[in-house]
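Undergrad: Structure provided below as structure tokens; questions to follow.
Computed from the coordinates by the stated procedures, all read-outs in this text should not be read as laboratory data. Since we're looking at a predicted model, the values are computed, not measured. Every residue, glycine among them, receives a Cβ derived from its backbone with ideal geometry; neighbour counts consider all protein chains shown.
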Amino acid sequence: MGNSEEMRDAFFNEIVEVGNSDDRVVILSADHGAEALSKFEQGSPTRYFNIGIAEQNMVSVSAGLAAFGKYPVIYGISPFVSLRALEQITLDLAAMNLPVTIVSVGAGFTYSTDGATHHGLQDVGAMMTVPNLTILNSSDPQNTRLFASETLSSTGPRYVRIEKGPLRNLERRNPDWAEDGFSILGNGQSTTAILSTGAITHALLEAYQSVTSTLKTDSLIVDVHLLKPFPFKKLEPLLSDVEKIIFVDEGYASGAASQVLRLAQMLPKRPQVVEILVEEKFYFVGSSRQEMRSLVGLQPIQISEILRLHL
Amino acid sequence: MNSLVDNLVFTSSRIRTKILRAVFDAGKGHLGGSLSIVEILTAVYFGGIFRMNQTPTDPRNRDIFLLSKGHAGIALYATLAEAGIIDELELGRLNKGFLLAEHPSHEVPGVEFVSGSLGHGLSVGAGMALSHRLDSSGQKTIVLMGDGECYEGSVWEAAQFAAHQELTSLCAIVDRNGLITHGPTEDINRFFSMKSRWQSFGWRALEVDAHNLEQILRELTVFSKLQSGPPTVLIANSNKGQGVSFMSGKAEWHHGGLTAEQFEIAMTEVAEVAGG
């Protein structure tokens, strides 16, 4: 991983930079840390609040701050900041359309060994139901930094999923990826396209490479970071000739996959959608993220088997 | 203060008549918990203590009132109409496909924040008070809650936070009418002492008679001059359905409609209070 970077650092180093240059940035944490945040706390103690383990209060306090011109960045673990505070996000942030950045760490099986209470499999599906909310899913340091850098230009609430641990930068083929809402990682002409979102994109690429070493195929591969509003209009022309979409996500079907199904309905050839997802159930297992992915069929070798069937 | 109080008694009476008429016209509404907060609203909006008539485009030059007990929206609308912030005609259109629903939204002029789901307003108010402190703007934030609302756990997350942050400019008012939809709070799920509960969370807690304008004005004035120390909570001991004899202290008037005969009696009684 030559150019890999710790993902929380990628996000918070950028946030700290934004926050240091504009005193409207206020950071709230539900007793959750990151190295860069400690620096911000030391440099700007009046604009950093560890609010304790009280996510509902954190969300509504951020709404009050944003109502008077602040740009709060609030930080917690995925299921708690999303599901526990869902009504606060819906009414206090989204109904009021306030520019609060919700930073959610713990996508998929990030907190694998912590067990089912800490898995981030349901959050995107829940957030999908919230009007006015933007959902952004990070897959590499580059898009993670982008989400942080856009804090002051946001006009409504954002739910930003950031990763934990190092990931390398993806190689993008579309220079306007930031505006597009997705990154083209392979622009082949095959009638099967592969879509993915989040850190699992790296596993997908590994799987795809192993398949193409023996199978001659050239697919369009797209990592979608803007999950809501889903970039239907920009994806449609890319996928107009596609007959099959393979979609990979370390989450339940209620999440990003719901948007991929809508997308397929809009396309002229009504492509079949092959989903490589996490089966909707509770995983009462204490295991590493790799082992959890193995358990649900999301290891590169398992993904490659499905790719082989469909490419 | 006495002439002010005398005037405000009339103001309260006018607000009550507006509430009754709007609910009569709409066919139903949250009467009990609206009538119990009329003196509080009157003191906040017309007591000369807070800057309540500023436009929303003037964010640093006004004080903030949040109706966290959103089901009393009609009481807020009647107050806003009395203050000339919304047109009185709007009250007659309550629940009829226009701007006013039973629970208020920020799209209504003069309404700072959407409410209707209980247990949000105190956290939002704490965030606003924090923002005002960061801006050194000197603005005050008043959050009116129901006592039944205090069953929500998020209220206590907010209470703990506001006290820890010493949000002096934040004043919570608890409409302690003692009744929720299905009966007395102390029979259904006891609060014990509401005052000592807030004190134990680190608040400056005081009890007032929710229908005594002089007391409310006095305590709001004291609050408005505080420069440091914990946030303030006024436990406003009130009477659900205040001002109308057949609603007074009756849980069944939490929500409902009025017959023409009931409406006439209620309007007469409310007018008599002002006359006396």
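Undergrad: In nm, to one decimal, how far is the modelled label at B:GLU186 from the one at B:ASN61, with both set 7 Å along Cα→Cβ?
TA: 4.8
Undergrad: Cβ under 9 Å from A:LEU167's Cβ, A:LEU167 left aside: what net charge do those residues give with Lys, Arg +1 and Asp, Glu -1?
TA: Every neighbour counted, the sum reads -3.
Undergrad: Would you order B:SER123, A:SER258, B:SER238 from fewest to most other beta-carbon atoms within 10 Å of each residue's own beta-carbon? Walk me through the numbers on the way to the answer.
TA: On the way: B:SER123 31, A:SER258 16, B:SER238 28.
Sorted ascending by nearby Cβ count, the order is A:SER258, B:SER238, B:SER123.
Undergrad: At 20 angstrom or more along the helix axis (alpha-carbon based) and mean Kyte-Doolittle of 0.0 or higher, what helices does chain B contain? Whole DSSP H runs only. Show your work: numbers first, answer last.
TA: Working: long enough: B:2-26 (36 Å, 0.28); B:121-135 (21 Å, 0.47); B:260-275 (22 Å, 0.39).
Taking the DSSP H segments of chain B (at least 20 Å long, mean hydropathy at least 0.0), we get B:2-26, B:121-135, B:260-275.
Undergrad: Taking chain A as the reference, fit the longest principal axis to its C-alpha atoms, fit the long axis of helix A:55-67 to the helix C-alpha atoms, and give the angle between the two in degrees, 0 to 90, nearest 10.
TA: 70
Undergrad: In a GNM of chain B with a 10 Å cut-off on Cα contacts, which of B:LEU234, B:LEU258, B:LEU35 has the highest mean-square fluctuation?
TA: B:LEU258
Undergrad: Could I ask something else about it? Given the options A:LYS216, A:LYS269, A:LYS233, state which has the largest fluctuation in a GNM of chain A using a 10 Å cut-off (strictly under) for Cα springs.
TA: A:LYS216
Undergrad: Report, in deg cm²/dmol and to the nearest 500, the calculated mean residue ellipticity at 222 nm for chain A, where each DSSP H run with n ≥ 4 adds -39500 (n - 2.57) and the sum is divided by the residue count.
TA: -10000 deg cm²/dmol
Undergrad: Further question: B:PRO184: net charge of surrounding residues, Cβ under 13 Å, Lys/Arg +1, Asp/Glu -1, itself excluded?
TA: That works out to 0.
Undergrad: To test your reading of the geometry: what angle, between 0 and 90 degrees and rounded to tens, separates the Cα axis of helix A:7-21 from the longest principal axis of chain A?
TA: Orientation of helix A:7-21: about 40 degrees from the principal axis.
Undergrad: Right, here's the next one. Ranked by Cβ crowding within 10 angstrom, fewest neighbours first, how are B:TRP203, B:TRP198, B:TRP156 ordered?
TA: Ranking B:TRP203, B:TRP198, B:TRP156 by Cβ neighbours within 10 Å, fewest first, gives B:TRP156, B:TRP203, B:TRP198.
Undergrad: Stokes-Einstein D for chain B at 10 °C, 1.306 mPa s, Kirkwood Rh over Cα pairs, in µm²/s?
TA: D = 86 µm²/s.
Undergrad: According to a simple spin-label model (label point 7 Å from Cα along Cα-to-Cβ), what is the distance in nm between B:ARG93 and A:ILE53?
TA: Once both label points are built, they end up 5.0 nm from each other.
Undergrad: Have a look at A:GLU206, A:GLU35, A:GLU14 and tell me which one the Gaussian network model of chain A (Cα, springs below 10 Å) gives the largest fluctuation.
TA: A:GLU35
Undergrad: Amide H to amide H under 5 Å from B:HIS254: which residues, 5+ apart in sequence or cross-chain, H placed 1.01 Å off N in plane?
TA: B:GLY32
Undergrad: P(r) for segment A:4-168, please, calculated from all Cα pair distances in 5 Å bins and given in %.
TA: 2, 10, 21, 24, 23, 14, 5, 1, 0
Undergrad: According to a simple spin-label model (label point 7 Å from Cα along Cα-to-Cβ), what is the distance in nm between A:SER287 and A:GLN209?
TA: 2.5
Undergrad: How large is ³J(HN,Hα), in whole Hz, for each residue of segment B:235-244 in order, when computed from phi with the Karplus curve 6.51 cos²θ - 1.76 cosθ + 1.60 and θ = phi - 60°, using x for Gly and Pro?
TA: 7, 8, 5, 10, 10, 5, x, 3, x, 10
Undergrad: Per residue, how big is the convex hull around the C-alpha atoms of the protein assembly as shown? Give it to me in cubic angstrom, could you?
TA: Roughly 161 Å³ of hull volume per residue.
Undergrad: In whole Hz, with x marking every Gly and Pro, tabulate ³J(HN,Hα) for segment A:221-234 from phi via Karplus 6.51 cos²θ - 1.76 cosθ + 1.60, θ = phi - 60°.
TA: 10, 10, 9, 9, 9, 8, 8, 7, x, 5, x, 3, 4, 7
Undergrad: Might you report the magnitude of the Cβ-based charge dipole of segment B:2-275 about its Cα centre, with Lys and Arg at +1 and Asp and Glu at -1, to the nearest 20 debye?
TA: It works out to roughly 460 debye.
Undergrad: Another question, if that's okay. Take the alpha carbon atoms of segment A:271-287, find their center, do the same for segment B:25-40, and report the distance between the two centers in whole angstrom.
TA: Distance between centres, Cα-based: 51 Å.
Undergrad: Still on this model: Can you figure out the FRET efficiency of B:VAL9 with B:LYS225, using R₀ = 25 Å and their beta-carbon distance, to the nearest 0.05?
TA: Working: r = 25 Å, r/R0 = 0.98.
With R0 = 25 Å, the Cβ-Cβ based efficiency is 0.55.
Undergrad: Shifting gears a bit: Work out the mean other chain Cβ neighbour count within 10 Å for the residues of B:112-122 and drop it here as an integer.
TA: Values: counts 3, 9, 5, 2, 2, 5, 0, 5, 10, 3, 4.
Shielding by partners across B:112-122 averages 4.
Undergrad: May I pose another question? How large is the helix-only mean residue ellipticity at 222 nm for chain B, computed as the sum of -39500 (n - 2.57) over DSSP H runs with n ≥ 4, divided by its residue count, in deg cm²/dmol to the nearest 500?
TA: Value at 222 nm, helices only, nearest 500: -13000 deg cm²/dmol.
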